[in-house]
């Protein structure tokens with residue numbers, strides 16, 4: 001049963017998603033990822049998470065905070081042992097995609113079906129699988145996607161949940177996720193995901209110190225790109241870098257438990273050669289980073305930080 005308050009949120013988000021679709025079809029943008037409440041979501045991660053998380057041990061009682069994004073970030077943590085993950089994202093549509101469409105696909109499709117849904121050339125098969133996934137969703141997410149597809153079809157288009165997605169790394173995304181390594185791992189992950197809880201809060205990185213508590217592990221993904229292209233565009237690169245460092249230090253101090261870890265990665269931001277100097281380690285807290293995770297991932301560097 002969907003509450004009236006939840007229905008109002010869904011209707012508003014649905015209307016904004018339809019507006020976004022129309023802007024994309026009319027070439028009015030955005031055609032790529034932007035940082036706002038409603039913009040295209042990535043179908044799959046551009047980070048090599050299977051490699052990035054390999055050295056990390058995650059006890060089941062760990063408190064984890066991560067971006068939601070395509071959903072791959074919390075899914076990989078769950079496959080590594082987490083049972084409860086708090087997530088955030090500035091893009092409200094990531095909830096409907098990652099926790100509605102993608103999570104349901106993972107729970108309801110076989111390994112081969114899941115891979116076919118995302119990169120098969122058989123459009124008829126993909127449409128059948130997509131419709132099956134939508135019918136299998138929790139009621140609130142099913143309401144969103146069924147109504148979305150209905151409206152888009154009435155506008156004269158062949159509707160799909162992927163209309164609002166960015167798929168520039170579709171060809172090899174499965175090797176980047178530790179839950180998709182093979183069929184055996186996938187089946188084991190399905191049970192882990194079924195028993196895990198993922199919570200979503202609409203927020204951006206500047207909200208972390210006030211909207212969230214402390215965690216054993218905080219994963220900020222490609223946060224430096226957000227710092228550079230959105231938060232600090234009105235100052236010099238040198239000043240932007242200092243501001244980015246100070247904000248990350250604040251997050252580290254307020255949101256990371258002791259002992260605890262903060263992780264993030266780079267995806268072509270241009271900061272990587274400038275920002276890393278020896279860290280100040282407080283207690284047993286640690287900061288990790290993985291520069292250039294895609295396409296030329298260099299591996300996890302331990303003991304490096306932002307100050």
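The values are calculated or read from the model by the stated rules, or taken from the named source; none is laboratory data. Note that the structure is predicted; figures quoted are calculated from it, not measured. Heads up, the Cβs are rebuilt from the backbone with ideal geometry, glycines too, and the neighbour counts pull from every protein chain shown.
What to note about this one:
- Answer residue from the range 242-261, given it is buried (at least 19 other Cβ atoms within 10 Å of the Cβ) and touching a helix residue (DSSP H, G or I) at 6+ places or on another chain (Cβ under 6 Å) and is modelled with the highest pLDDT among those: 255
- Some residue of the range 97-105 being touching a helix residue (DSSP H, G or I) at 6+ places or on another chain (Cβ under 8 Å) and over 28 Å from residue 215 (Cα atoms): yes
For (1) surrounded by 14 or more Cβ atoms within 10 Å (Cβ to Cβ); (2) without any contact (Cβ under 8 Å) to a residue 40 or more places away in the chain; (3) more than 15 Å from residue 71 (Cβ to Cβ), each residue gets a yes or a no:
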residue: 152; (1), (2), (3): yes, no, yes
residue: 159; (1), (2), (3): yes, yes, yes
residue: 191; (1), (2), (3): no, yes, yes
residue: 202; (1), (2), (3): yes, no, yes
residue: 212; (1), (2), (3): yes, no, yes
residue: 224; (1), (2), (3): yes, no, yes
residue: 237; (1), (2), (3): no, yes, yes
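- Inspection of the range 166-175 identifies no residue that is within 24 Å of residue 79 (Cα to Cα), touching a residue at least 40 places away in the same chain (Cβ under 8 Å), over 19 Å from the mean Cα position of the chain (by Cα) and assigned to a helix (DSSP H, G or I).
- Put simply, of 77, 88, 144, 101 the only residue that is touching a residue at least 60 places away in the same chain (Cβ under 8 Å), in contact with a strand residue (DSSP E or B) (Cβ under 6 Å, 6 or more places away or on another chain), buried (at least 20 other Cβ atoms within 10 Å of the Cβ) and in a helix (DSSP H, G or I) is 77.
- Where residue 107 falls short, out of the listed (1) part of a helix (DSSP H, G or I); (2) crowded, with 20+ Cβ neighbours inside 10 Å; (3) over 13 Å from the mean Cα position of the chain (by Cα): (2)
- No other residue among 107, 65, 117 is within 19 Å of residue 136 (Cα to Cα) and modelled with pLDDT of 95 or more apart from 107.
- Single residue of 11, 18 found to be out of contact with any helix residue (DSSP H, G or I) (no Cβ under 8 Å at 6 or more places or on another chain), at pLDDT 90 or above, closer than 24 Å to residue 138 by Cα and in a helix (DSSP H, G or I): 11
- Given (1) at pLDDT 90 or above; (2) buried (at least 17 other Cβ atoms within 10 Å of the Cβ); (3) not in a helix (DSSP H, G or I), number of the condition residue 60 does not satisfy: (2)
- The number of residues in the range 214-241 being modelled with pLDDT under 90, touching a strand residue (DSSP E or B) at 6+ places or on another chain (Cβ under 6 Å) and not in a loop (DSSP other than H, G, I, E, B) comes to 1.
- Yes/no for residue 34 being at pLDDT below 95, out of contact with any strand residue (DSSP E or B) (no Cβ under 6 Å at 6 or more places or on another chain) and either surrounded by 14 or more Cβ atoms within 10 Å (Cβ to Cβ) or under 30 Å from residue 183 (Cβ atoms) (or both): yes
- The conditions of being at pLDDT below 95, within 17 Å of residue 100 (Cα to Cα) and surrounded by fewer than 19 Cβ atoms within 10 Å (Cβ to Cβ) are not met by residue 136.
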